[in-house]
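Working notes for the structure below.
The values are calculated or read from the model by the stated rules, or taken from the named source; none is laboratory data. Just so it is clear, the model here is predicted, and its values are computed rather than measured. FYI the Cβ positions are ideal-geometry reconstructions off the backbone, even for glycines, and counts take in every protein chain you see.
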Amino acid sequence: MEEIRWVLIISGITLIAGIMIYESYLKSILNKNPKESEKIEPTFHNENSPDRPKTNEGQLGAHSDNNTRIKIDVDSHKRKVECDHVITVRLTPIDSVPFNGNQVLEILNGNGLFLDDSGIFNYLDKHNKAKLFSVANLVEPGVFNEQEIEDVKIPGLSFFMLLPLNSNEINAFDEMMMVLKRIKTLLKAELLDDAGSTLSIQRERYIREEVIEYMLKNKTNSPTYD
């Protein structure tokens with residue numbers, strides 16, 4: 001009996017030791033760093049990079065890098081813009097189905113935006129008639145043809161404000177966002193920032209703080225709050 005007991009004790013100790021060694025082996029595998037050749041490093045492209053993917057003009061998606069900046073053919077449309085800072089918010093369809101041109105024209109006009117000779121929609125200050133913000137097409141060169149807009153499909157709109165203004169910038173930003181959200185509901189769209197990410201409440205507040213900081217830095221107008 002004594003011998004059997006010792007055999008059982010030794011067997012138990014051996015089993016426990018084996019389990020501990022096996023667990024240690026598994027942990028070493030799980031925690032083992034991947035080889036340098038297996039690591040995936042982030043890749044960044046600039047505008048001149050030969051590896052940067054190209055997108056066909058007229059087929060730009062809502063999240064395409066090519067839509068980040070508004071490009072307007074200055075020579076063709078005689079549009080000269082001088083500004084220190086640009087605030088941009090994009091409006092794109094939730095279901096990825098392009099907006100109907102006639103509907104866009106009707107809704108923009110109904111919310112105080114009117115197409116000028118350069119092919120850009122503008123929203124004016126009700127008091128001094130100064131331009132507060134504008135709306136361009138997401139597809140380059142960003143302009144609308146007044147004769148064709150009712151029949152075209154529009155993949156998205158870019159609302160932009162050029163600072164400084166001849167009006168109170170923070171009030172202008174608040175008014176732009178109010179108009180934007182109203183149009184967003186009417187077009188069943190979503191708001192994106194200039195990088196193509198969903199415009200969250202936090203991001204909107206951050207952009208608003210940028211406008212306030214710009215005003216304070218340039219000593220233009222002091223922000224007023226209701």
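Some points to look at:
- Matching residues, segment 127-144, being under 16 Å from Asn109 (Cβ atoms) and either in contact with a Lys or Arg (Cβ under 7 Å, 6 or more places away or on another chain) or in a loop (DSSP other than H, G, I, E, B) (or both): Phe144
- Evaluated against (1) surrounded by 11 or more Cβ atoms within 10 Å (Cβ to Cβ); (2) in contact with a strand residue (DSSP E or B) (Cβ under 8 Å, 6 or more places away or on another chain), Thr198 falls short on exactly one condition, (1).
- Residue check for Leu108: modelled with pLDDT under 95 and touching a strand residue (DSSP E or B) at 6+ places or on another chain (Cβ under 7 Å): no
- Hey, Ser118 polar (S, T, N, Q) and touching a Leu at 6+ places or on another chain (Cβ under 9 Å) or not: no
- Residue that is surrounded by the fewest Cβ atoms within 10 Å (Cβ to Cβ) [pool: residues in segment 88-97 that are at pLDDT 95 or above and more than 15 Å from Lys181 (Cβ to Cβ)]: Pro93
- Subset of segment 191-220 (residues that are over 13 Å from Arg90 (Cα atoms) and polar (S, T, N, Q)): Gln202, Asn218, Thr220
- Residue ID - farthest from Phe173 (Cα to Cα), chosen from residues in segment 125-150 that are touching a Phe, Trp or Tyr at 6+ places or on another chain (Cβ under 8 Å) and not basic (Lys, Arg): Phe144
- Extreme residue, surrounded by the fewest Cβ atoms within 10 Å (Cβ to Cβ), among residues of segment 149-158 that are in a helix (DSSP H, G or I) and among the charged types (D, E, K, R): Asp151
- In the set Lys217, Lys131, Lys184, only one residue is of a type in the set (D, E, K, R), more than 19 Å from the chain's Cα centre (by Cα) and surrounded by 16 or more Cβ atoms within 10 Å (Cβ to Cβ); that residue is Lys131.
Residue-by-condition table, conditions (1) in a strand (DSSP E or B); (2) surrounded by 12 or more Cβ atoms within 10 Å (Cβ to Cβ); (3) at pLDDT below 95; (4) not assigned by TED's automatic domain parsing to the domain that holds His85:
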| residue | (1), (2), (3), (4) |
| --- | --- |
| Gln147 | no, no, yes, no |
| Phe160 | yes, yes, no, no |
| Ala172 | no, yes, no, no |
| Glu204 | no, yes, no, no |
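- Test result for Asn166, out of contact with any Lys or Arg (no Cβ under 9 Å at 6 or more places or on another chain) and either assigned to a loop (DSSP other than H, G, I, E, B) or modelled with pLDDT under 95 (or both): no
- Residue within segment 99-115 that is out of contact with any helix residue (DSSP H, G or I) (no Cβ under 9 Å at 6 or more places or on another chain), surrounded by fewer than 17 Cβ atoms within 10 Å (Cβ to Cβ) and in a loop (DSSP other than H, G, I, E, B) present: no
- Neighbours by Cβ (under 7 Å, 6+ apart or cross-chain): first from segment 168-187, more than 14 Å from Thr92 (Cβ to Cβ); second of a type in the set (S, T, N, Q) and at pLDDT 95 or above: Val179/Asn111; Arg182/Asn111
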